[in-house]
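A short write-up of the structure that comes next.
Bear in mind that the values in this text are calculations on the coordinates, not laboratory data. Values in this document were obtained by computation on a predicted structure and should not be read as measured data. Backbone-built Cβ (ideal geometry, glycine too); neighbour counts: all protein chains shown.
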Amino acid sequence: MKGISTYQYLLDYRKNVGPGLFVLLDPDRKSISELLETATTAEQNGAAALLFGTSFLSGNTFHESLQAIRSTVTIPLLLFPGNSSQVTKNVDAILLLSLLSSRNPQFLIGEHVIAAPMIKHLQVEVISVAYLLIESGKITTAEFVSGSLPIPRDKPELAVAHALAGEQLGFKLVYLEAGSGAKHPVPSEMIRSVKNELTIPLIVGGGIRSEDGIRTAVQSGADFVVVGTHFEQFGVSQLRDFVAALNG
Ligand code: 1GP
């Protein structure tokens, strides 16, 4: 990755390697040694990048975990922050998420204003993300904490309009998010409809727990697929198979 931005790495990865797996590491849910094991297994088995963060920080090992991962793995480490308090320079880039599916100014722009001077000071790369919560069969932490309604899962046209607005506003990625531990992942039809209209890469995550789930997301148009809960619950023995499933 030497000499190029993390965003350019992601664009090149998609173009030259194909769809990629992002493994989500949540410092509230696992010990430092467990997070390290997941991170190293992800790296050894071809994950495209690691996401690190949590929607509701309740533990106190955030920085220690991040430092341990940062000093062990070389694949890109992307901050996936629940709010401005998680901003750090100890990552390759910050996914600056704006919750475009909400009408809650705090997560549309408020947290960003709080974080902006710190991000500028730290001189860390920022990748702006149009973040869309999709209804997934139960209230997820992200929905609850953001106090926002998700996009109904049977309204792909609403997801398309939000994603297009994100691209037109200059966001660099779109993320269709069913929520961590979602009962149902983002519907294929919605992924397909959004992908058809976008020129920027599409990330899909939430509730994906199997190779079939990966295949469905990728075949519907996901450029990057995020998996967190499955590896937290069942360990990383299937990680290699999940990466293989990206290619059919
Ligand atoms: C959550 O999309 C990610 O932000 C991953 O979801 O934990 O359900 O895999 P899971």
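A few notes on this one:
- Around Ala178: net Lys/Arg minus Asp/Glu count, Cβ-Cβ under 13 Å: +1
- Dipole magnitude for the stretch 6-245: computed about the Cα centre from +1 point charges on Lys and Arg Cβ and -1 point charges on Asp and Glu Cβ, it is near 200 debye.
- Rg ratio for the stretch 109-248: its Cα radius of gyration over 2.2 N^0.38 Å, N being its residue count, equals 1.08.
- Leu169 versus Glu211: modelled label distance in nm, points set 7 Å from Cα along the beta carbon direction: 3.9
- Per-residue ellipticity at 222 nm from helix content only, as computed over the chain with -39500 (n - 2.57) for each DSSP H run of at least four residues, stands at -11500 deg cm²/dmol.
- Taking amide H atoms as placed 1.01 Å from N in the peptide plane, the amide H of Lys172 lies under 5 Å from those of Ser128, Val129, Ala130, each 5 or more residues away in sequence or on another chain.
- Taking Met190, Met118 and counting other C-beta atoms within 10 Å, the order from fewest to most: Met118, Met190
- In this structure, the amide hydrogen of Gly20, modeled 1.01 Å from its nitrogen in the peptide plane, lies closer than 5 angstrom to those of Phe224, Val225, counting only residues at least 5 positions away or on a different chain.
- Residue order, fewest to most surrounding Cβ atoms within 10 angstrom, among Phe62, Phe231, Phe56: Phe56, Phe62, Phe231
- Computed about its Cα centre, the charge dipole of the stretch 151-248 is approximately 60 debye, with only Lys, Arg, Asp and Glu carrying charge at their Cβ.
- By the equivalent-ellipsoid construction on the alpha carbon gyration tensor, the chain comes out with semi-axes of 23, 22, 18 Å, ordered largest to smallest.
- Fully extended contour minus Cα-Cα distance, from Glu157 to Ile139, at 0.36 nm per residue: 4.3 nm
- Within a straight-line Cα-Cα reach of under 20 Å, Lys155 can be paired with the following aspartates and glutamates, leaving aside sequence neighbours fewer than 8 residues apart in one chain: Glu135, Glu143, Glu167, Glu177, Glu189, Glu197.
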